[in-house]
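Structure first, commentary second.
The values are calculated or read from the model by the stated rules, or taken from the named source; none is laboratory data. The structure displayed is predicted, hence computed values, not measured ones. For neighbour counting, all protein chains shown are included, and Cβ atoms are generated from backbone atoms with ideal geometry for every residue, glycine included. We work out accessible area using only protein heavy atoms, side chains counted, and drop any ligands, DNA or RNA first. Shrake-Rupley method; radii C 1.70, N 1.55, O 1.52, S 1.80 Å.
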Amino acid sequence: MIELTAEEARVLGCLMEKAVTTPDNYPLSVNALISACNQSTNRDPVVSYDESTVERALEALREKSLSRRVRATGQRVVKHRHVVDEELQLSVPEFTMLGILLLRGAQTPGELKQRSERWHAFRSLDDVEAALQQLAERGFVRRLERRPGQKEARWLTLVVASADLDDAADAEVSVADAPVASAPAPLAEAAPAPPPEARSLDVHNPATGELLRSIASTDEREVEQKVERARRAQKAWAARSYPERASLVRAFRDLLETEVEECARTTTREMGKPITQSRAEVRAVLERIDWNLEHVGDVIAPREVTPRAPGGVGERVTYEPVGLVAHISAWNYPYFVGLNTIVPALLAGNAVLYKPSEHATLTGLGLVDVMHRAGVPVDVVQTVVGGGASGAALVASDIDMVCFTGSYPTGRAVARAVADRFVRLQLELGGKDGAYVCDDVDVDAAALATAEGAFYNSGQSCAAIERLYVHEAVYDRFVDALCEVVGAYRIGDPEDEQTDVGPLARAAQLDVIEAQIADAVGKGAKVVVGGSRIDRPGSWFDPTVLVDVDPRMQIMRDETFGPVIGVQRVRDDADATTCLDDTEFGLGAAVFTSDRARAERILGALDVGNAYWNRSDRSSVRLPWSGRRHSGIGVSMSESGIRALVREKAWHLSEA
Ligand code: NAD
């Protein structure tokens, strides 16, 4: 007997329905399945495949003797047995989902949870096959075969012949010949629907595991109440003059400056960032506020385009606030990510509902408290506390704009959640930035700079260097120098001024990192520094350098978000350019060379939002910050970021 969540039941229902569809309506059913799977990651109910629909589908199968027994228990769990003896043709994502279902069917509840958090492990055909191989070894799959030379084949033929699911799911798998032109994005990339919010959020110190505080989470009803209050307050706030709003934001900035130390300590305790780095972030954010105070007024000032266009019409543009901005934030740079949006949004006359990350909640609450103490009206900037469910409730509420910073899967879920509303959306998502070290560098300096780019904030930066490509002429010397720098890092208490590398903010990331390293080593990579967790309370991982990596490995494809770097040898600039661009992300790329023209040539050819010459992992309030492809849409900071927070009104003015 397999117990399935409602989402899984829906997917299984789709799979089983497919077993009885004809070849003619097969493509239709593929689309239905994929859309059901995609929708199942939303909180919205899935219309076409809810439990009763699935039950009806299973019943229909039963009548055709394809399913022996169907039973529903409770609201969310469907139990069933099935016998499908027809041949199913599955696309890669469907096959992936089946792999997950099979795996889950064989796990304990604790392991199930872990498994579902590791959907990323099923991102490629190889991963699915590896999972099935494991099942085969445990006697769950009777035969697993892949025809030689079918590496790129996208269609799989799956024969499910499960006689008795009480004991095991038996599956026979083979790879068929016919390739498809393009398969949809793997399901594994989709974020699972957030679990219901707990009544309170426990904040732990990742350096020790100690519970720092429990804070009441914001539920859906409270989100709505906050939105109503913010809606009313925004009108009055926008009606104030710009200098009045600016004077309150300046008061906030000045008060924050007097509290740099407390703010930095709070952040270090709740997310483990070394204290020197937390302090540097708070100080740097003061400069960003200054820049906004200096520029927002000019950028949103009415613009006379022409007093007299042809026909005697005057033309003018004014800028009005978007209204109610929901800002959902990541934890890794909580001051930058929070205030890059909140400050210009407030200056432009918006109200902000700010949901700090569950891993930087104390920091977020502290920031907003400073704003309120400085005189910013309490309903104009409010916090929403909690994890994914609170974020989803905020996204579902009556807001005008969502500014989201977080991972690609969550960003996709947010985009779907607002897709049928005209809500303005900005997504600042993950990255897999590459850096190329040319043959003309000072090797020691390049090793120092790239290590900084990879390991600052324990590698937990969206624009951290996560892939290193080194010209073969300097490769050996560079790797030696890099290992020396990384091996000398002082790892320890993040509150200690001498610490270079602290713990990871999220314990769950340790599993991701371990899995990526295991995958790389399994495919031929070598660990030359670090490579494992550090055995102490809290969540710690040794700074790690891998060599002999290649693009098949997860470590060179998926975001790692931890203190790990893979180093790959490249032949020349052309080879390096191809490697740098070989990613689904598009946040940034760096080139280390003494020749600026060479760097500009390479960087100019790349599909990234940020180009770095002899630098990396840097953002500036004066420059637009944006990602491409899976790294997001929209722009923050600079004049473009300010304009993103206002709406233009075009005036056509005629005397008569
Ligand atoms: P995450 O996606 O897990 O969470 C981000 C935020 O979304 C959190 O506040 C979370 O509570 C909320 N959330 C979760 N599920 C939600 C849902 N269904 N609806 C609405 N909100 C939801 O990411 P994270 O672990 O907090 O941050 C790390 C990620 O952020 C990395 O991928 C990193 O690269 C990225 N990041 C990007 C930038 C950038 O500027 N591009 C900056 C910082 C971090």
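Quick one: which residues, 5+ away or cross-chain, put their amide H under 5 Å from the amide H of Asp496? H built at 1.01 Å from N.
Ile275
Taking R0 as 25 Å, what FRET efficiency do you get between Glu600 and Leu448 from their Cβ-Cβ distance, rounded to the nearest 0.05?
For Glu600 and Leu448, the calculated efficiency is 0.65.
Around His204, which amide H atoms from residues at least 5 apart in sequence, or from another chain, sit under 5 Å from its own amide H, with H modelled in the peptide plane?
Those qualifying (amide H under 5 Å, at least 5 residues apart or on another chain) are Leu212.
If you count only protein heavy atoms and use a 1.4 Å probe, how large is the accessible surface of Cys579, to the nearest 10 Å²?
20
DSSP beta bridges in segment 484-593, what fraction antiparallel, as a percent rounded to 5?
Looking only at bridges with both residues in segment 484-593, the antiparallel portion is about 45 percent.
For Asn610, what residues show an amide H to amide H distance below 5 Å, using hydrogens built from the backbone and excluding near sequence neighbours?
Counting only residues 5 or more places away or on other chains, the set is Gly588, Ala589.
In nm, give the distance between the simple-model label positions of Glu294 and Arg477, each being 7 Å from the Cα along the Cα-to-Cβ direction.
4.1
Once you have the Cα-Cα distance between Arg536 and Arg231, take 0.36 nm times their residue separation minus that, and quote the gain in nm to one decimal.
Numbers: separation 305, 0.36 × 305 = 109.80 nm, distance 4.74 nm.
105.1 nm is the gain from fully extending Arg536 to Arg231.
In whole Hz, with x marking every Gly and Pro, tabulate ³J(HN,Hα) for segment 590-600 from phi via Karplus 6.51 cos²θ - 1.76 cosθ + 1.60, θ = phi - 60°.
10, 10, 9, 7, 8, 10, 4, 4, 5, 4, 5
Through the Karplus equation 6.51 cos²θ - 1.76 cosθ + 1.60, θ set to phi - 60°, convert the phi angles of segment 612-623 into ³J(HN,Hα) values in whole Hz; use x for Gly and Pro.
In residue order, the calculated couplings are 10, 10, 6, 9, 6, 6, 10, 10, 9, 5, 7, 10 Hz.
Measuring from the lowest to the highest alpha carbon on each principal axis, how far does segment 373-441 reach, largest first, in angstroms?
Answer, in whole Å and largest first: 56, 38, 22 Å.
Using the beta-carbon distance between Glu287 and Ala309 and R0 = 30 Å, what value does 1/(1 + (r/R0)^6) give for FRET efficiency, to the nearest 0.05?
Working: r = 40 Å, r/R0 = 1.35.
My answer for the efficiency is 0.15.
Quick one: 3J(HN,Hα) in Hz for segment 350-361, Karplus 6.51/-1.76/1.60 with θ = phi - 60°, rounded, Gly and Pro as x.
Along segment 350-361, the couplings run 8, 9, 10, 9, 10, 10, x, 4, 4, 9, 9, 6 Hz.
Please report the net charge: other residues with Cβ closer than 15 Å to the Cβ of Val380, K and R +1, D and E -1.
Charge balance near Val380 sits at +3.
Obtain the radius of gyration and the Kirkwood radius of segment 210-250 from its C-alpha atoms and give Rg over Rh.
Rg/Rh for segment 210-250 comes to 1.23.
Tally Lys and Arg at +1 and Asp and Glu at -1 over the other residues with C-beta under 12 Å from the C-beta of Leu212: what net charge comes out?
Details: positive: Arg213, Arg265, Arg269; negative: Asp202, Glu210, Glu270.
Neighbour charge sum, excluding Leu212 itself: 0.
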